[in-house]
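Just below is one structure, and these are the notes that go with it.
The values are calculated or read from the model by the stated rules, or taken from the named source; none is laboratory data. Keep in mind the model is a prediction, meaning the values are calculated, not measured. Heads up, the Cβs are rebuilt from the backbone with ideal geometry, glycines too, and the neighbour counts pull from every protein chain shown.
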Amino acid sequence: MHDSISSLLTAGAALIAVLAVILLSGRVARRFAAIPRLGRRTPGTRLAITETIALDQRRRLHLISCDGAEFLLLTGGTTDVVIGRPGAGAPGAGEAP
């Protein structure tokens, strides 16, 4: 009887220790992540993905920001295509209505 209780307590303590290590490693990984999250810029970076929209199972539209300019990319098809700069060809683009 005493051996089964001590075995349960040992197993419970081991479970708590493993869960604590998993949670702690997750926090450390998030804090020191080398890859910036979507839309966030770290000081000194020139390139960022501003937005991404899934069109279907394979194709996505990406709005990319590079040195203050934005570009629209279509990826996932047979070829990846630079669609252009949003509002570059439309008169009055970027202005509020």
task: Say whether the condition of being exposed (fewer than 12 other Cβ atoms within 10 Å of the Cβ) and at pLDDT below 75 is met by at least one residue in the range 47-65.
output: no
query: Where residues in the range 24-46 are farther than 30 Å from ALA69 by Cβ, among the basic types (Lys, Arg) and at pLDDT below 80, which of them is surrounded by the most Cβ atoms within 10 Å (Cβ to Cβ)?
result: ARG30
query: Would you pick out the residues in the range 66-77 that are at pLDDT below 85 and either surrounded by 15 or more Cβ atoms within 10 Å (Cβ to Cβ) or more than 21 Å from the chain's Cα centre (by Cα) (or both)?
result: GLY77
